[in-house]
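Reviewing the structure listed below.
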């Protein structure tokens, strides 16, 4: 997800650039510059944004790195982002595995 879109979501929550800036520990100008895509936030701001939106900090950090990168390094960071998504999706499935195996067992054993 683009950092500009996330900043716009945070701005909408607070309905006030001054409050958004205060909560993120940045200036109002930085809020505006991130919102319009001029700047990509610093790591500390990304962590604060993740907390505001209750999102995965690591995922946002990787996405910001993808946005900051150019050329071949951008391709590498995009691969890292995809791998992270795959791992995260697998982890989310772990609690459901016993149910899935029970369903398979019931279906195939009968």
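Where a number appears in this text, it was derived from the coordinates with a stated rule and is not lab data. Quick caveat: nothing in here was measured; it's all calculated off a predicted structure. Every residue, glycine as well, gets a Cβ built from its backbone with ideal geometry; the counts of neighbours run over all protein chains shown.
Quick look at the values:
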quantity	calculated
Top-ranked residue of region 56-73 - restricted to ones that are in a loop (DSSP other than H, G, I, E, B) and either free of Cβ contacts under 8 Å to residues at least 12 places away in the same chain or in contact with a strand residue (DSSP E or B) (Cβ under 9 Å, 6 or more places away or on another chain) (or both), ranked as surrounded by the fewest Cβ atoms within 10 Å (Cβ to Cβ)	70
Qualifying position, being under 11 Å from the mean Cα position of the chain (by Cα) and on the phi < 0 side of the Ramachandran plot, among 61, 7	61
Any chance residue 47 is under 13 Å from the mean Cα position of the chain (by Cα), surrounded by fewer than 18 Cβ atoms within 10 Å (Cβ to Cβ) and either in a helix (DSSP H, G or I) or in contact (Cβ under 8 Å) with a residue 40 or more places away in the chain (or both)	yes
Residue, nearest to residue 52 (Cα to Cα), within region 1-41, restricted to residues that are touching a residue at least 40 places away in the same chain (Cβ under 8 Å) and buried (at least 17 other Cβ atoms within 10 Å of the Cβ)	10
